[in-house]
Amino acid sequence: MRLAEDEATSSVVLSLLGLWALLAPVQCSQGHPSWRYISSEVVIPRRHTPRGKGVQESTWLSYNMHFGGQRHIIHVRRKKLFLPRHMPVMSQDDQAALQVDYPYIRKDCYYLGFLEEVPYSMVTIDTCSGGLKGIMKLDDLAYEIKPLLDSHLFEHVVSEIVADTNVIGPTYRLGYKQPPLPKEYTSGSLRISSILYASHTAYIIIKDQPHELEFSPEVNSVCTSSSLIKIGYLERHFFILAIITSLQIGRSIGFSFDTSPRCYCHRRATCIMSRYPVMTDVFSNCSVATLQDLYGVGMFCVFAPLLMSHNLSRVSIRCGNGIKEGMERCDCGSLKQCYSNECCLTSCLLSPGSVCNDEPCCTNCTYTPMGSLCRNIQNVCDLPEYCTGESYRCPDNLYMQDGTPCTEDGYCYQGNCTDRSMHCKEIFGENAVNADSFCYNVNMKGNRFGHCRRVYHLLKHEACSKEDIMCGRLQCTNVTRIPRLQEHVSFHQSVILGLKCFGVDEHRATDTSDVGHVRPGTPCAPGKFCTIGSYCNGTLSELNYDCYPKKCNFRGVCNNEKQCHCNLGWEPPLCLKPGAGGSEHSGTPPRRFRTIAHNEDSIMYLRLLFARMYAFIGAFLFGVATNVKVIQKTAVVG
């Protein structure tokens, strides 16, 4: 088999179609095709109802059937954006007049999925052909399924397909070398172009022709006038046609052939870009790596222009990633995770009768009872929150009022204690303490270990001024162990005036907490504290601390909303009456006390034990009293 190529004007396309029609009878008489069925069996697919409540959704279909000597369960999900909304179909009538039609194509016919407990399996079916019609791929085995004609029992024929080694390949000559990629590269994101091209290259697959020819598609031709159009296949199985088309698309995008022995694909003997891609359905690791690097010159119709990246994460809302986003009511994750979830469906909607899924105040798909702890304290300046019983959300995170003393050297600010030594202990262990002020001179260097601010658009760090050095990177001493830090974070040791100073650098991601920077609110000079932006210009009078012990009657503390958070056993808002504790907006702890269950047999045994002890003590005292009387009588007689 080979490919015939020519510039595809309308007359050329019609000529190729006519040539195809003329050659078809001749080619059909040239012996058996290069693919065949080696076994066929009649099966009746049964709708399979998953055990998990979270997968009962119309977009997923599951069938149970027996083929290939064992029973299989297939799970398929409807494809989205599979075909264009308006797809023109051009044909000719008996008068050779060109006609254009826009047929109606149903959107609920095409499904893609996998076989249960078969890694890297693939199932693709069409449900609008009187049953299930498509391909099932298990490792290197390929099965075709199609409805049995005139069957009233939903019977299907499952046939195993095999093909000769040269049914498609060789796709390149031995000794073939891939031309080098351009040296110029840009970065971009995949997009769809609306550019129209003047001409295309048309291909027709010709049967039973010499194979030692390279495939004609030009590399990196997708954005040129040589981009491809598939117009025929001549007695080839549609699965083989799909492999050939995928190979041609890969070449036009820029994929190289898998000439290296390091190229492989999971659980497949051959890959699409292999020399003999027989009955395969996946690209190799080399093709995937090429796709990641294909931002070369000339790909302007596929990739967006060059954009400078600042190590910012690009997040897109996607149902099935396990994160509740946008308008999603829930997100139970993958299909396997949704099996055991009774509250959430795979469509990111709540199951019937459920009001919540995995929120902090959600238990068994409904609201958690009032008084259940939903957010525990994180540090000495934090306060606990409890479920209200009327919502699945935990109350807002409350903490002690700014200015509340937490240690001798620090006070609470935005939920954190501003004691530098306590901050050092969190990073380097219990023995670490705040370093001398000389160590903070490292913050005037302007590198990742010593700075005050990070300038994102310039990709650099800004050094601290002399007045702000105490608000830059935290410096610690007396470090006795190496901490277990975040990924991509390292610690730094510097010696300044004979002092050993330890600090950590900043994590490059923007959505992670920076543990090594001095926290806002930390004292930096007499009567001043660090503000957001690492400036030492905040004054203690700005805290407006007015919560003295008398305000809450010595039975609680003030939170950041300046309400009393009462101790356990006293009722808010003033902590005057006995109650459960807590505050008005943080929820209240449970009012009931825990009871200890007792056993009647244990109580009976305890009663018998104490009765015997009382009897023994009584007998002992009686004996002692009797002996005393005898001694007294004897003394009188003498």
Using the structure shown, list the pairs from 528/551; 107/336; 500/528; 460/500; 133/336; 79/336 with a Cα-Cα distance above 22 Å, or answer none. 528/551; 107/336; 500/528; 460/500; 133/336
What would the Debye formula give as log10 I(q)/I(0) at q = 0.20, 0.21 Å⁻¹ for the alpha-carbon point model of the stretch 314-358, no solvent? -0.53, -0.58
With a cut-off of 15 Å, note down the residues of the stretch 78-97 whose backbone N falls inside the zone around a label point 7 Å from the Cα of residue 241 toward its beta carbon. 90
Rg/Rh over Cα atoms for the stretch 438-502, Kirkwood Rh, comes to 0.99
Debye, to nearest 20: dipole size of the stretch 442-485, +1 on Lys, Arg Cβ, -1 on Asp, Glu Cβ: 240 debye
Counting other C-beta atoms within 10 Å, which of 388, 480, 259 has the fewest, and how do the rest follow? 480, 259, 388
FRET efficiency for residue 39 and residue 95, Cβ-Cβ distance as r, R0 = 41 Å, nearest 0.05? 0.30
Can you give me the Kirkwood hydrodynamic radius for the stretch 35-163, using every pair of distinct Cα atoms, in Å to one decimal? 16.6 Å
Arranged by the count of other C-beta atoms within 10 angstrom, fewest first, what order do 293, 94 take? 94, 293
About the Cα centre of the stretch 352-487, how large is the charge dipole given +1 on each Lys and Arg Cβ and -1 on each Asp and Glu Cβ? Please answer in debye to the nearest 20. 740 debye
Defining a contact as two alpha carbons under 8 Å apart and six or more residues distant in sequence, what relative contact order in percent does the stretch 354-501 show? 14 percent
Give me the number: length gained by fully extending residue 267 to residue 140, i.e. 0.36 nm times residue separation minus the C-alpha to C-alpha distance, one decimal in nm. 45.0 nm
Given a Förster radius of 35 Å and the C-beta distance between residue 496 and residue 541 as r, what FRET efficiency does 1/(1 + (r/R0)^6) yield to the nearest 0.05? 0.55
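Read-outs: derived from the displayed coordinates by stated rules, not from any lab. Just so it is clear, the model here is predicted, and its values are computed rather than measured. Don't worry about glycine lacking a Cβ; one is built from the backbone with ideal geometry, like all the others, and counts go over all protein chains shown.
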